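The values are calculated or read from the model by the stated rules, or taken from the named source; none is laboratory data. Since the model is a prediction, treat every value here as computed from it, not as a measurement. Note: ideal-geometry Cβ built from the backbone for every residue, glycine included; neighbour counts use all protein chains shown. Ligands, DNA and RNA are excluded from the accessible area calculation, which covers all protein heavy atoms including side chains. Shrake-Rupley method; radii C 1.70, N 1.55, O 1.52, S 1.80 Å.
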Amino acid sequence: MTPPSPIPLASNALVNTFFDWDLIARTFPRLITEGLLNTLIIAAGAIVLGVAIALLAAMLLLSNRWWVRLPARLYVDVFRGLPVIITVMLVGVGLPAAGFRPFGTDPFGYAILAIGIISGAYTAEIFRSGIQSVDPGQLQAARSLGMSYLSAMRLVVVPQGVRRVLPALAGQFVKDIKESSLVYLLGLAAGQRELYFIAQEEVSRTYNSSPLIAAGLCYLALTIPMTYLVNHLDRRLRDGPRPGNTPALTEPDLPKTPVPAAGGENR
């Protein structure tokens, strides 16, 4: 009797380990109803917090005074240099252990704070580069019109700088969504678990990696549309309005006056 070929056996084992469609179908409802919602809450909260921190840090980094730049530079360098997992543990475990408990014993708030602090460090550098790419004449022109420095930056320079770094911002926001998977280390309570936490629980229970594939599909459903949407907005901003959407120029209504004939007489 000929022994079975090892190649089909290995292929079947690979498919059953990663693409057990029955297990994927059983995992999806919990991923959608609980994991996806919590991932969106953590990522959205971290993005909002990160943008707020980044705008302040970017303005400090652009200061002409070194003692103003120094705290922002230390913040950016430290949290860009630390591994994400260390920051998550320092914020989510270290702060409560040190007696600083702004969110009590609820790990959900610490999860948003940790990812937001990391996001702010990276986004600050993105904003700084975008603002510095704006022609200095824009600021000078705004100041010559009577605007204060802060008003000129807020109304003229910063909007142009942000528009120029939209693709980089989209990449950072996608990164925030993916990094939210590390907050499972904080031991989220029932009802707070995000996509990776739920998938990992199913893997531990079934000794099958198919739930991770299901979670990966959910992450892709979030990140890919966001990337294409921001790229579309970036193209629209660079190309300007479409010709069909540009209002046609009309000639002004001029008073009708008799046209003089040759020789200066009206006919």
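Structural remarks
- Rolling a 1.4 Å probe over the heavy atoms of the protein chains gives the chain an accessible area of 61 Å² per residue.
- Cα pair distances in the chain, grouped into 10 Å bins until the bin that holds the longest one, percent each: 6, 20, 23, 19, 13, 8, 4, 3, 2, 1, 0, 0
- Given charges at beta-carbon only (K, R positive; D, E negative), |dipole| of the chain in Debye: 740 debye
- Note on the chain: dipole from Cβ charges, positive end direction compared against T227, A141, L60; the farthest Cα belongs to A141.
- Region 127-247 - Rg and Dmax from Cα coordinates, angstrom: 21.6, 68
- Region 70-137 - Rg and Dmax from Cα coordinates, angstrom: 14.9, 51
- Stokes-Einstein diffusion coefficient of region 118-171, Kirkwood radius over Cα pairs, 37 °C, 0.692 mPa s, in µm²/s: 285 µm²/s
- Kirkwood radius, region 11-149, all distinct C-alpha pairs, inverse of mean reciprocal distance: 18.3 Å.
- Overall, the accessible surface of the chain at a probe of 1.4 angstrom is composed of carbon and sulfur to the extent of 65 percent.
- Tilt relative to the chain, helix 6-18 - C-alpha long axis, 0 to 90 degrees, to 10: 60 degrees
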